[in-house]
Amino acid sequence: MLKGKRKFPSFIFFLLPFLTLFSLFLIFPFVYSLFISTTNMSLSPTYEFRGIANYQYVLGGRDTLFLAGFRFLSILMFTQVPIMTVLAIALAIILNSALVKAKVIFRTAIVLPMMTSIVVSAITWDYMFGERFGLINNFLRMAGLPGQPWLLTSFFARASIIMVMLWRWTGYNMILFLAGLQAIPEELYDAAKLDAGRLQAVWYITLPLLKPMIIFATIMNIVGCLQCFAEPYILTRGGPGNATYSVLMRIYNMAFGQYQFGYAAAGSWVLALVAICASVLFMWGTGFFKKG
């Protein structure tokens, strides 16, 4: 007896719009950018295949601006990320406790910077950091302290950008940790009250149970630091002396300033690989891949 023909699965028709958009706006740009990174493509209609020459130039250390960008991003990762994580956890614990009243007002005030346009917030902070008429220096002078050249020296320029990023993204991390805290059973804290104080409960109950959320938030922060662009571009233009020059600024200048699209694509792939490696190393260091 002959078997009937198999019917074409009807669910494929429902997946076609997604698959079409997914291929058009993700798969194709992904593959095309990888191809571009192996050429010397520019505004010229002709280009040559260069293989891994662009990658060799980026990774060989001959591009001093790329090195400066990675140096600045390393400073961000090892200063801004830990400070923001600790600050967000502390704020989440405080706002999750029964001691704080009018929680909605405080939560809204902390989250509000994240909802502000990044360009508008950076321009606002640019005025606030002004040496002569900036709001911050005016407050310092009112307190009897000297004003600081916030955007004119390497140390203060980096500190200023870290301050802006903390102001903008701490609220986002706080939301993540608040969600994690509200998933912790209250019975654990009730049992801990018999043998442990509040700080011990935080150390032995809150932080261990928040570990998956801490890992996720930290990885997001690492990737966010590697994608830092608007803050240094608007506040310092990468100065002084390339102290706040980011890798994305270098990629942007190569692509839209010098129109070296092949080299910019190679730099983008290197940055993506660095982000993946940093995330995997962090997860490995925190025991994320361990069984049990």
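Comparing mean-square fluctuations of 145, 95, 210 from a GNM of the chain with C-alpha springs under 10 Å, the top value falls on 145.
Given contacts defined as C-alpha pairs under 8 Å and at least six residues apart, what's the relative contact order of the stretch 71-285, whole-number percent?
Values: 206 pairs, mean separation 56.8, N = 215.
Taking the mean separation of contacting Cα pairs over the length of the stretch 71-285, I get 26 percent.
Taking K and R as +1 and D and E as -1, what net charge do the other residues with C-beta under 13 Å from the C-beta of residue 124 add up to? Please list the in-between numbers first.
Working: positive: 168; negative: 126, 231.
In short, -1.
Rounded to the nearest whole Hz, the Karplus-based 3J(HN,Hα) values (6.51 cos²θ - 1.76 cosθ + 1.60, θ = phi - 60°) of the stretch 249-261 follow the sequence 5, 5, 4, 4, 5, 5, 7, 10, x, 10, 6, 9, 5, with x at glycine and proline. Along the chain, the longest continuous region that contains none of the trypsin sites (Lys or Arg not before Pro) in a DSSP loop with at most 15 other C-beta atoms within 10 Å is 133-236.
Cβ under 12 Å from residue 243's Cβ, residue 243 left aside: what net charge do those residues give with Lys, Arg +1 and Asp, Glu -1?
Taking every other residue near residue 243 into account, the sum is +3.
Evaluating 6.51 cos²θ - 1.76 cosθ + 1.60 at θ = phi - 60° for every residue in the stretch 280-287, the Karplus couplings come out as 5, 5, 5, 5, 5, x, 8, x Hz, glycine and proline recorded as x.
Scalar couplings 3J(HN,Hα) for the stretch 155-162, obtained by applying the Karplus form with A = 6.51, B = -1.76, C = 1.60 to θ = phi - 60°, are 4, 6, 5, 5, 4, 5, 5, 4 Hz; x denotes Gly and Pro. Put simply, the amide H of residue 39, placed in the peptide plane, has neighbours under 5 Å in 50, leaving out anything fewer than 5 places away on its chain.
Residues whose amide H falls under 5 Å from that of residue 239, counting only those 5 or more places apart or on a different chain, are 244, with hydrogens built in the peptide plane.
Can you tell me how the chain classifies by the Cα gyration tensor, rounded, prolate or oblate, using a/c under 1.5 as the rounded cut? Spell out each step's value before the answer.
Details: a/c = 2.09, a/b = 1.12, b/c = 1.87.
Here the chain falls in the oblate category.
Taken together, the values in this text are just the output of simple stated rules run on the coordinates, not laboratory data. Since the structure is predicted, the reported quantities are computational estimates derived from the model, not experimental observations. Methodologically, a virtual Cβ is constructed for each residue, glycine included, from the backbone with ideal geometry; neighbour enumeration extends over all protein chains shown.
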